[in-house]
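Just so it is clear, none of the values below were taken in a lab; they were calculated from the coordinates. None of the values given here were measured: they were computed from a predicted structure. Cβ sites come from the backbone with ideal geometry, for glycine too, and all protein chains shown count toward neighbours.
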Amino acid sequence: MKSLISTFMLFSLLSFVGVAAAEPASSAVEIKTLANPSAPVTVSMEASAVVATSAEAAPAVVPSANKGDTAWMIVATILVILMVIPGLALFYGGMVRAKNMLSVLMQVFVIFSLTAVLWAIFGYSVAFTEGSAFFGGFDKLFLKGITPESLAATFSKGVYVPEYIYVAFQLTFSAITPALIVGAFAERVKFSAVLLFTVIWFTFSYLPLAHMVWYWAGPDAYTDAAAAEKAGATAGFLFQKGALDFAGGTVVHINAGIAGLVGCLMIGKRIGFKKESLAPHSVTMTMVGASLLWVGWFGFNVGSNLEANGLAALVFVNTLLAAAAATLGWVFAEWLLRGKPSMLGGASGAVAGLVAITPACGWAGPAGSILLGLVAGVVCFWSVTSLKSKLGYDDSLDAFGVHGIGGILGALGTAVVASPALGGTGVWDYVSNSVAEYSMIGQLISQSWGVIVAIIWSGIVSYLAYKFVDIVIGLRVPEEVEREGLDVSSHGETAYHL
Amino acid sequence: MKLITAVVKPFKLDDVREALSELGVSGVTVTEVKGFGRQKGHTELYRGAEYVVDFLPKAKIEVAVTDERTDIAVAAISKAASTGKIGDGKIFVTALEQVIRIRTGETGDEAL
């Protein structure tokens, strides 16, 4: 145990050094900007003829947080916590055998706690302060300098929320992402390996992707074309490429899905895969978990709007409709092709739809959301039934099949459903303060940038992280332990005494 | 004395208990069991993974009776548990050497 702890400490240190090395310590000046996930901005590079900077000149009022937005963000943050614990934990827990129930609940619960602490220590700073296009800086280590008066920008000029709630909101995103991965190698992984992997992967895959996709200077910086260009150059790499990711399709779902795929390939199949019954021990739990995910997802998607306004209401409707449509898509596909509509299929369909609408929810219209949801339900059904069995990998709870595939579909689909021609909102131009001209092909290229970078980045980091963990403590439990079940052997307790 | 062990469909358990009560049988032991016979199992499908469930749930009833009441008890169970469909179960009758009522120490037919 001692050696385990020291390994952890050592590694945490190493990860700091690693990031520091990767990051030229140039960002000495702290800009009071507030990091923000957002709609990347299309900046019209033509003459700033339309730009009326004078109209922008704010009256000399001290900026303060909007109370309504603040209240909503507090609620939204709580909703995302509900998604992880107990939502995701139960969704996954129901799908394993009874002997491994607690191991899954524990992995999700402890990953959440571990990531929360790492987020405060260095995560927030690395993801959401200005640095290079790939990593932020270290100015806000231990949340240094943040006070109750600190503000974070929203998507509207001159509208702010307290930075603390922004920190907490983003914390929940960083916490659910590594927890999603455990579904891929459930029922056979070492608990200590999960924790060490989480520390490494969080640092080198989650944080840079969050920075690449979401970091920008905030809408206030986009006063005219020149200022917009300057502000744009400080944004994350994928933000600059124009990749749209409203609530984390790339950062959360593709990122976690790929890590899951690499994980289940490296750790190997469960004993008895395709020979013994590995059936879910409680589809009831899974249904309860999926429903909590669904409810919590309103915090995830609608909260990502950062403001309680009309767009938030649109995001709400989009999220609701996509999940419902995907449930129908999955259930009817299963009914037609496999004979019976299953509850597990319904629950999986809802989650697939929620995953797919995540990047698109701020730009799609209701009809586009229904379309995206239907397609996601059918495609994810295909991926976990046909694709998985063809390729033969053992992604126990379909972290890749649902989050990876659904995430990629959603990221690319965003380019389609965001189109104003199809009822989408298009993309806001903060310079002209109007909706920019929309090119579906152009947007599809931007989205592909996001997808490809996320796949490659997460794939490489995951591979190296698993390799390292395997060498240091081993990824997999011994055969007897796997047969006995992880609950008794790893955690010394049993889920059910019936 | 005989020990009658009947394996029946779970939803027929109440009917069997009632039939035995009518005969004046004062006690039975019931266990939830699984097994297979001529009735085939079924398949379950979870996200495309197909599992064949061979062992089906049944109720096992154990009841001890005097020699002379054995036949009517067996007939009563048989009638109450029957649906006429495959999977109705089986009845086993075995000789019983001794029965003791723990509270009073009574033995044999007295203890039944």
Exercise. Normalised by the number of residues in the range A:312-354, what is the relative contact order in percent for Cα pairs under 8 Å and 6+ residues apart?
Worked result: 47
For this session: Throw me the Rg/Rh for chain A, computed over C-alpha atoms with Kirkwood Rh, two decimals.
Result: 0.97
For this session: Quick one: which residues, 5+ away or cross-chain, put their amide H under 5 Å from the amide H of A:Lys190? H built at 1.01 Å from N.
Result: A:Arg476, A:Val477
Problem set entry | From phi via Karplus (6.51, -1.76, 1.60), per-residue ³J(HN,Hα) for the range A:434-440 in Hz, x at Gly/Pro | 8, 6, 6, 5, 10, 10, 5
For this session: Identify all lysines with a Cα-Cα distance to A:Lys67 below 23 Å; exclude those on the same chain that are fewer than 8 residues away in sequence.
Result: A:Lys32, A:Lys157
Seminar exercise, completed: The answer for B:Glu106, listing residues at least 5 apart or on another chain whose modeled amide H is closer than 5 Å to its amide H, is B:Arg101
For this session: Could you work out the relative contact order of chain B, using alpha carbon pairs under 8 angstrom and six or more residues apart, expressed as a whole percent?
Result: 42
Exercise. Going by how many other Cβ atoms sit within 10 Å of their own, how do A:His211, A:His497, A:His403, A:His281 line up, fewest first?
Worked result: A:His497, A:His281, A:His211, A:His403
Problem set entry | Net length gained if the chain between B:Val99 and B:Thr83 were fully extended (0.36 nm per residue, minus Cα distance) | 2.5 nm
Problem set entry | the protein assembly as shown, dipole about Cα centre (Lys/Arg Cβ +1, Asp/Glu Cβ -1), debye to the nearest 20 | 1140
Exercise. So how do A:Ile267, A:Ile456 line up by other beta-carbon neighbours within 10 Å, fewest first?
Worked result: A:Ile456, A:Ile267
Exercise. Computed on alpha carbon atoms, what radius of gyration and Dmax characterise the range A:326-484, expressed in Å?
Worked result: 19.0, 65
Exercise. If you build a Gaussian network model of chain B, linking Cα atoms that sit under 10 Å apart, which residue out of B:Arg69, B:Arg38, B:Arg17 swings the most?
Worked result: B:Arg38
Problem set entry | Bridge type composition, the protein assembly as shown - antiparallel percent by DSSP, nearest 5 | 95
Exercise. If you rank A:Ser383, A:Ser434, A:Ser291 by fewest surrounding Cβ atoms within 10 Å, what's the result?
Worked result: A:Ser434, A:Ser291, A:Ser383
For this session: Take the Cβ-Cβ distance between A:Glu484 and A:Ser389 as r, set R0 to 30 Å, and report the resulting FRET efficiency rounded to the nearest 0.05.
Result: 0.60
Problem set entry | Vicinal HN-Hα couplings computed from phi for the range A:407-424 (Karplus, 6.51 cos²θ - 1.76 cosθ + 1.60; Hz; Gly/Pro x) | x, 5, 4, x, 4, 6, x, 4, 4, 7, 6, 6, 4, x, 5, 10, x, x
Problem set entry | Relative contact order computed over chain A (Cα-Cα under 8 Å; 6+ residues apart), in percent | 23
For this session: Would you kindly derive the ³J(HN,Hα) couplings of the range A:452-461 from the backbone phi angles with the Karplus curve 6.51 cos²θ - 1.76 cosθ + 1.60 (θ = phi - 60°), listing them in order in whole Hz, with x for Gly and Pro?
Result: 5, 4, 5, 5, 5, 4, 5, x, 5, 4
Problem set entry | Model label zone, A:Lys157; criterion: amide N under 20 Å from point 7 Å along Cα-to-beta-carbon; scope the range A:421-443 | A:426-437
Problem set entry | Largest-first principal axis extents, alpha carbons of the range B:1-69, Å | 54, 19, 16
Exercise. What nm value, rounded to one decimal, do you get for the distance between B:Ser21 and A:Val435 when each label is placed 7 Å out toward the C-beta?
Worked result: 7.1
Problem set entry | chain B: angle of helix B:70-81 to the longest principal axis, Cα-based, in degrees nearest 10 | 30
Problem set entry | Residues with amide H under 5 Å from that of A:Leu151, placed H, sequence gap 5 or more | A:Glu163
Problem set entry | lysines with Cα under 20 Å of A:Lys241, excluding same-chain neighbours fewer than 8 positions away | A:Lys230
